[in-house]
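Following: one structure in structure tokens, then a few remarks.
The values are calculated or read from the model by the stated rules, or taken from the named source; none is laboratory data. Remember, predicted model here, so these are calculated numbers, not experimental data. Note that each Cβ is placed from the backbone with ideal geometry, even for glycine, and that neighbours are counted across all protein chains shown.
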Amino acid sequence: MLDKRPGLEDKSQGSDKMLTRALVVGPYLNEKSQSKKSSSAGFAARSTEARMDEAAGLAAAIDLDIVGAMIVMLANVRPATFIGKGKAQEIADLVQAENIDLVIMDCALSPIQQRNLEKAFSAKVIDRTGLILEIFGQRARTSEGALQVELAHLAYQKSRLVRSWTHLERQRGGFGFLGGPGETQIETDRRLIQERMTRIEQDLEKVKRTRGLHRKSRRDVPYPVVALVGYTNAGKSTLFNRMTHSDVFAENMLFATLDPTLRAVSLGAGAKIILSDTVGFISDLPLMLVSAFRATLEEVLEADLILHVRDIAHEDADAQRTDVETILRDLGVDPDDHRRILEVWNKADLLDEAARDAARNAAKRRAGRDGAEPVIVSALTGQGLDELRAQIETRLAMDRLTFEIELQPENGEGLHWLYENAEVLRRSAGADGTLHMKVRVGPERAESIRRRFIPMADGSAQVEAGSPS
């Protein structure tokens, strides 16, 4: 049954550009098969409707005329076509009746399955991975982002050459004097793809080295780095804009942000951070994309604090949390490290009063269980942002040392050094011109502070009471 979902309006209306007519198909295991799979894998089953809504949202994120969406429930996956013959014929009839050019299958198809479905439908077929790659290709704004997407796309294309493109298994016309058969076209295509991938990997390695230098220079600046991560469309960019007073592209669409953005943010009381916005995660994120974006995601690995932004109003919020934590583990980040990861429950403005009370109670239960209470905010309205800044300040202060220092007025060099190498939280001048400063540094700079200022100030520089030593 064809489903006209909200948000799948006809984009071709009022447009001079003829858009590709597309159908979104959600071939999902039925409840019995899905629960068996979920229990064996140890995760909560995602609702069928939520999966279909997400697939439709992905399709709507690019320039397509989405004719509709339909769910196909399966008892098991068919090796040849993923879905059964009856359903394949039903979709083929619909494709012909609606003049559909593209069928988007919300699953991972093998090359053989994709080819067989294209024959059955007489239309182009792409799977979830192909769709996400297409979105990434349109969203990449920087040369680095474009390279990463191209690398992922080539890896995907190369896998499609393995068995699917048998029509390319033909001999190139050799000259004959080499004494052997010529190179097959599929081998040539595979070799050309690999050569291009190698060149892109070399270019990305240069980007990685440049990023490393940038990170080193940021480490020389005394501000800690805070990275935003979360499921796509959780509101990371809106939160980033609210906290930094910036205008980074933020829309109610999947994968609105691909390229990382960094800004300095003042938390109040003199404390500053570098805030980093990153690409959103999604369920079944293709491994080739995780690998391609590793250079970008190293911003997360290097962060002093990670804010896991969640859409608490989403019906599948818990499943989305599991997906993000899985990807963090793949990147080498422990999602259970509550000193380093702070959950931010966003979109509180979409909750009614009863749901907000339930969210507050759930946050308190989390705090009682593992000592890490999530912060409930609305990036759109600004609700809870003061509490979030305070929580960030508290988390970062756990591992940083605070010093009270007195400087003589003529010690301009020492003053300059402090501003270059420490967070200056407070500065005041006495009647005699002596500067009284409160500064904070990471553990790696504590000894430099002691060497430079404790002897000079005759012991007046000291670690603030209660700070770790």
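Below is a table of values for the structure above.
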{"item": "Residues within region 341-373 that are at pLDDT 90 or above and in a loop (DSSP other than H, G, I, E, B), tallied", "result": "3"}
{"item": "Positions within region 309-339 being closer than 23 Å to R389 by Cα, assigned to a loop (DSSP other than H, G, I, E, B) and touching a residue at least 40 places away in the same chain (Cβ under 8 Å), in sequence order", "result": "I312, A313, R339"}
{"item": "Total residues in region 58-92, condition over 21 Å from I132 (Cβ atoms), not in a loop (DSSP other than H, G, I, E, B) and not acidic (D, E)", "result": "10"}
{"item": "Output for region 157-187, where each listed residue is at pLDDT 80 or above and of a type in the set (S, T, N, Q)", "result": "Q157"}
{"item": "Qualifying positions in region 190-206 - out of contact with any Asp or Glu (no Cβ under 7 Å at 6 or more places or on another chain) and not basic (K, R)", "result": "L192, I193, Q194, E195, M197, T198, E201, Q202, D203, L204, E205"}
{"item": "Pick from region 93-114, criterion in a helix (DSSP H, G or I) and touching a Leu at 6+ places or on another chain (Cβ under 9 Å), ranking: surrounded by the most Cβ atoms within 10 Å (Cβ to Cβ)", "result": "V95"}
{"item": "Of residues in region 216-238 being more than 21 Å from L285 (Cβ to Cβ) and in a strand (DSSP E or B), the one modelled with the highest pLDDT", "result": "V226"}
